[in-house]
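Notes to accompany the following structure.
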Amino acid sequence: MGALTKLAVRIPPWKLILHVESGEEEAYRLDTDPRELVIPFTGTWVLGAVPKNPDGGTQPAQRQGQRLITLTTCSEIFHTDDRMIAFGHLVRTTKKGR
């Protein structure tokens, strides 16, 4: 994947479109609501190739080889150590002409 040049998010439906430097457009469908999963900043399990929640709560589908995206952000506007997490999967890649 090339460098990210543009990002668009539509909510709802939970959809994320990435435009990358190589001229491709990748579309991801977000499978989880970020309000459903808030973790401490030390929670690194969300960064795994197939993230598995050690508490058995919200996590992406557990299919090896799927193309996932993990989005993280602060859980509050002002200072917080907690992170909101959303997971999604690749639904299409489109080659764009330059």
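Every number in this text was worked out from the coordinates using simple rules, so none of it is lab data. Nothing here was measured: the structure is a model prediction, and the numbers come from that model. Every residue, glycine as well, gets a Cβ built from its backbone with ideal geometry; the counts of neighbours run over all protein chains shown.
Listed values for region 26-42 are Karplus-derived 3J(HN,Hα) couplings in whole Hz (6.51 cos²θ - 1.76 cosθ + 1.60, θ = phi - 60°), namely 10, 10, 10, 9, 7, 8, 10, 8, x, 6, 8, 9, 10, 10, x, 4, 7, and x replaces Gly and Pro. Note on THR42, THR70, THR94, THR58: ascending count of other Cβ atoms within 10 Å places them as THR42, THR94, THR70, THR58, the fewest first.
The phi torsions of region 49-56, fed into the Karplus equation with coefficients 6.51, -1.76 and 1.60 and a -60° offset, translate into couplings of 4, 10, x, 10, 5, x, 8, x Hz, rounded to whole numbers, with Gly and Pro shown as x.
Of ILE77, ILE39, ILE69, the sequence from fewest to most neighbouring Cβ atoms within 10 angstrom is ILE77, ILE69, ILE39. From largest to smallest, the equivalent ellipsoid semi-axes obtained for region 18-98 from the alpha-carbon gyration tensor read 26, 16, 10 Å. Placing dummy labels 7 Å off each Cα toward the beta-carbon, the span from THR72 to LEU47 is 0.5 nm.
What the phi angles of region 68-80 give under the Karplus curve with 6.51, -1.76 and 1.60, with θ = phi - 60°, is a coupling list of 9, 10, 10, 10, 10, 7, 4, 7, 9, 5, 9, 3, 7 Hz, glycine and proline written as x. Looking at region 43-87, the chymotrypsin sites (Phe, Trp or Tyr not before Pro) that sit in a DSSP loop and have at most 12 other Cβ atoms within 10 Å of their own Cβ are PHE78. Given R₀ = 41 Å, FRET efficiency for GLN64-THR94 by Cβ-Cβ distance, to 0.05? Efficiency, rounded to the nearest 0.05: 0.95.
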